[in-house]
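Enquirer: Sharing a structure, written as structure tokens. Questions coming.
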Amino acid sequence: MLGKLIRYDSKVQIRFLCGVYIVAVLLSGLSGIFLGLKRHFPNVMIFGAMSGLSWAICFLSVLAVFLGTMIYVVLYFRQNLLRDEGYLMHTLPVTNLQLYGSKLLTGTIFMYLSILVGYFCFGLGNLRFRYPVLDFLKECGVDGGVFWLAVLTFLTACPLMLCQFFFSLVLGYTWKMNSAVSVNRDLLSVLSYIIIYMVQQAIALVGLFAYFFINFGSPFASDFIKYITELADNEAAVQAGMVGYVNGLLWVSLVSSVLFGAILFILSVYRLNRHLNLE
């Protein structure tokens, strides 16, 4: 039944998102055409002007692909589980864990797909699909391991971001209020997201300072300035230290993202099981 649920969620969402992706590709293709004309006819001013305008539209379309996907996935979760469609979905022979997991899985896949489509659109609009980012980072002293760890951390951020939005909606729609008081559940969800985001940032800031103290010691220590001065005089040590520091930060960010996302996932399913009331 879970497989059927995933296929259903995928079909519903792809119907809308395909239209967004097609429009973005067409706009990016238009940008690529004008850029090609500008390169072949550099003296024709109209091609230069149209190339600049179409590139701006291409950039906005790439941004719209990612943001549009994220907004639609979140609104689909809200409509399908917490609003009118929720009456039907919660009568299916599936658990809330499966309902939530299906939305999170399909939403994450479409977020990743939007990144690929955005990259393709950006390359099409600029007539260039290969960007030697890894080679550039190696020249700066950053090895491939740090790069791929950064990529993995970024990919982990997508489901974490969805978990934040989903839990905010679940919290807003399951919060018990006096029945005599009219409450805007969407406003409660927005307030919940703000609080969750602030808590996450506070925890991340504490982790950042803790990691700094572990690696460099307390800035209030008497020999801290001397240690930093000696380190700054050694260029090789500074470069190695920064690479190691960034690598450690990425690991801290990755682990904290997984743990925080898992906590939000568990709390969301718990509240759906215990506190959801669509009446």
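The values are calculated or read from the model by the stated rules, or taken from the named source; none is laboratory data. In this text, all values refer to a predicted model and were calculated from it rather than measured experimentally. Counting neighbours? That spans all protein chains shown, and the Cβs are built from the backbone with ideal geometry, glycine included. We work out accessible area using only protein heavy atoms, side chains counted, and drop any ligands, DNA or RNA first. Shrake-Rupley method; radii C 1.70, N 1.55, O 1.52, S 1.80 Å.
Enquirer: Which condition number in (1) within 23 Å of Asp186 (Cβ to Cβ); (2) modelled with pLDDT of 85 or more is the one that Gly86 fails?
Expert: It fails just one condition, (2).
Enquirer: Something else: Looking only at residues that are aliphatic (A, V, I, L, M) and touching a residue at least 24 places away in the same chain (Cβ under 8 Å) in the stretch 19-45, which one is farthest from Ser114 (Cα to Cα)? Working first, answer last.
Expert: We begin by selecting, within the stretch 19-45, every residue aliphatic (A, V, I, L, M); these are 20, 22-27, 30, 33, 35, 37, 44-45.
Filter again for touching a residue at least 24 places away in the same chain (Cβ under 8 Å), leaving 20, 23-25, 27, 30, 35.
On the way: Val20: 10, Val23: 13, Ala24: 11, Val25: 12, Leu27: 15, Leu30: 19, Leu35: 24 Å.
Taking the candidates together, the pick is Leu35.
Enquirer: Out of Arg7, Arg15, Arg39, I need the residue that is more than 25 Å from the chain's Cα centre (by Cα) and surrounded by fewer than 15 Cβ atoms within 10 Å (Cβ to Cβ). Which one? Let's see the steps before the verdict.
Expert: Numbers: Arg7 fails: more than 25 Å from the chain's Cα centre (by Cα); Arg15 fails: more than 25 Å from the chain's Cα centre (by Cα).
Result: Arg39 is the single residue among Arg7, Arg15, Arg39 that is more than 25 Å from the chain's Cα centre (by Cα) and surrounded by fewer than 15 Cβ atoms within 10 Å (Cβ to Cβ).
Yes or no, residue by residue, for (1) modelled with pLDDT of 80 or more; (2) closer than 30 Å to Glu85 by Cα; (3) open to solvent by less than 50 Å² (accessible area, probe 1.4 Å):
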residue: Asp233; (1), (2), (3): no, no, no
residue: Ala236; (1), (2), (3): no, no, no
residue: Gly244; (1), (2), (3): no, no, yes
residue: Leu250; (1), (2), (3): yes, no, yes
residue: Phe260; (1), (2), (3): yes, yes, yes
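Enquirer: Return the residues of the stretch 158-201 that are at pLDDT 90 or above and of a type in the set (Gly, Ala, Ser); say none if nothing qualifies.
Expert: Once the filter is applied, which keeps residues that are at pLDDT 90 or above and of a type in the set (Gly, Ala, Ser), the stretch 158-201 yields Ser168, Ser189, Ser192.
Enquirer: For the structure I just gave you, tell me whether Gly48 is without any contact (Cβ under 8 Å) to a residue 12 or more places away in the chain, farther than 13 Å from Asn126 by Cα and either crowded, with 16+ Cβ neighbours inside 10 Å or of a type in the set (Gly, Ala, Ser) (or both). Walk me through it before giving the result.
Expert: Numbers: without any contact (Cβ under 8 Å) to a residue 12 or more places away in the chain: yes; farther than 13 Å from Asn126 by Cα: yes; either crowded, with 16+ Cβ neighbours inside 10 Å or of a type in the set (Gly, Ala, Ser) (or both): yes.
Yes, satisfied.
Enquirer: When you go through Leu35, Leu81 one by one, which is the residue that is in a helix (DSSP H, G or I) and modelled with pLDDT of 85 or more?
Expert: Numbers: Leu35 fails: modelled with pLDDT of 85 or more.
After applying the criteria, what remains is Leu81.
Enquirer: Within the stretch 84-114, how many residues turn out to be open to solvent by 50 Å² or more (accessible area, probe 1.4 Å) and part of a loop (DSSP other than H, G, I, E, B)?
Expert: Residues that pass the stated criteria total 7.
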